[in-house]
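One structure is given here, and the rest of the page talks about it.
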Amino acid sequence: MADLALSPVLASAGRHRLHIETSPKRVRVELGGAVVVDSLAPLIVLESTYLPVYYFPFADIRTELLVESPHRTVCPYKGEARYWHVQAGGKRAENAAWAYMDPIQSAAALGSHAAFYWDKMDRWLEEDEEVIRHARDPYHRVDVVRSFRRVEAMLAGRVLASSSSSFFLFETGMPTRYYLPKSDVRIDLLVESRTRTQCPYKGTASYWSAVLDGKTWPDIAWSYEDPLPECPRIKGHVSFYAEKLEALTVDGRPVPPRS
C-alpha cells in the first residue's frame, strides 16, 4: 500500500478551485461483500461546489475486479477520464470507477489513482466505521450549541413549536438550524412521512408533515432519531424549514427563508 504523504495541492481557474491532499484515514470500499479497495493513503479531492471524492492508488485497488469500459469523459480542470466496470461478489457496477491516467498539470497528483462512484458501491468505511452518503470533508464543521433564546415556528396562524431550550446547529456552508425538544413541539399537528435523507456528519433524518384543518404541508420538519456519535445532542429533537413556514423566529426576530 502507498505510504507517501502529499502536501496539499491547490489549483484555481477563475472561480473554480481544486484542492488535493492525502487523507490520514484508512479507507475501504466494498461491493458484493468483497473488498475492492483497501488504502492507507487515499487522496481526498475538494473541488468547488462538488462533494468530496476519494482517489486511491492503483496499488491499493484489486484491479482484477475492474473491467475497462469504452466510456470517456473530459474535465477542463483534470483532463480525460477513463472508466471501468467493477465486478465483485456476483455484482457488476457499470462505469463505477474512473481515473485520469494523464492528467493536466493542475491535477498531476491524480495520476496513477482511481476514484469510485459512491452510490455504485455497497459500503464505504473510514477506519472501521461505515460512512454514508459521501466522503467527509476534513474542513467541514458541525457545531451544536445549547441556547435559551426562544425559538418559535408558526404556520397558518398556529404555533407549531415554541422553546427556550433548543440546540442551535452551525454547519459549514449551511444556514443555522434550530433543533427543538419534542416536548416543545405540537407533535399532534405533525405526521411522520416516508421521506428519509442521509448526512455523513449527522446520520439519517426522518421527516414530518404538518396537517392543519385538513390541509397538508409535506416534509416541513425533520429529526435525527438515531444520529451519528458525533452529533448526539440533536437526538430526538425537531428542526423546521424556515422557507416552508409562515414564520420561524428567534427571540421574536424572523429567520430569513433559505433552502
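Taken together, the values in this text are just the output of simple stated rules run on the coordinates, not laboratory data. As the structure is a prediction and not an experimental result, all values here were calculated from the model. Every residue, glycine as well, gets a Cβ built from its backbone with ideal geometry; the counts of neighbours run over all protein chains shown.
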Quiz item: Within region 13-91, which trypsin sites (Lys or Arg not before Pro) sit in a loop by DSSP and count at most 16 neighbouring Cβ atoms inside 10 Å?
Solution: Arg15, Arg26, Arg62
Quiz item: For region 24-97, which chymotrypsin sites (Phe, Trp or Tyr not before Pro) are both in a DSSP coil and crowded by at most 11 other Cβ atoms within 10 Å?
Solution: Tyr50
Quiz item: From the phi of every residue in region 226-237, what ³J(HN,Hα) in whole Hz does the Karplus formula 6.51 cos²θ - 1.76 cosθ + 1.60 yield, where θ is phi - 60° and glycine or proline is x?
Solution: 9, x, 5, x, 6, 10, x, 5, 8, 3, x, 9
Quiz item: Roughly speaking, what % of Cα-Cα pairs in region 25-180 are separated by over 25 Å, rounded to a whole number?
Solution: 45 percent
Exercise. At a Cα cut-off below 16 Å, give the lysines reachable from Lys120, other chains included and same-chain residues fewer than 8 away excluded.
Key: Lys91
Self-check item: Long-range HN-HN contacts of Val238 with modeled amide H, under 5 Å
Solution: Leu180, Lys182
Quiz prompt | Relative contact order (%) - criterion: Cα under 8 Å, at least six apart; region: the chain | solution = 12 percent
Self-check item: Mean-position separation - Cα centroids, region 98-147 and region 193-259, in angstrom
Solution: 27 Å
Exercise. Obtain the nm distance between the two label points defined at Val67 and Glu129 by a simple spin-label model: each point lies 7 Å from its Cα along the Cα-to-C-beta direction.
Key: 3.7 nm
Exercise. Over region 9-130, calculate the relative contact order: mean separation of alpha carbon pairs under 8 Å at least 6 apart, over the residue count, as a percent.
Key: 24 percent
Practice problem: Rank by packing, highest mean first: peptides 127-140, 217-230, with packing defined as the count of other Cβ atoms within 10 Å averaged across residues. | Solution: 217-230, 127-140
Practice problem: Specify whether the C-alpha gyration tensor of region 146-205 places it in the rounded, prolate or oblate class, a ≥ b ≥ c being the square roots of the eigenvalues: rounded for a/c under 1.5, otherwise prolate if a/b is larger than b/c and oblate if not. | Solution: oblate
Quiz item: Taking the simple approach of a point 7 Å from Cα along Cα-to-Cβ for both Asp122 and His16, what is their distance in nm?
Solution: 3.6 nm
Self-check item: Full-stretch length increase - Val35, Ile104 - with 0.36 nm per residue and alpha-carbon distance subtracted
Solution: 21.8 nm
Quiz prompt | Length gained when the stretch Cys75-Val250 is fully extended (0.36 nm per residue, less Cα-Cα span) | solution = 58.5 nm
Practice problem: Starting from the Cα gyration tensor of region 142-254, take the square roots of the eigenvalues, sort them a ≥ b ≥ c, and report rounded, prolate or oblate (rounded when a/c is under 1.5, otherwise prolate if a/b is larger than b/c, else oblate). | Solution: oblate
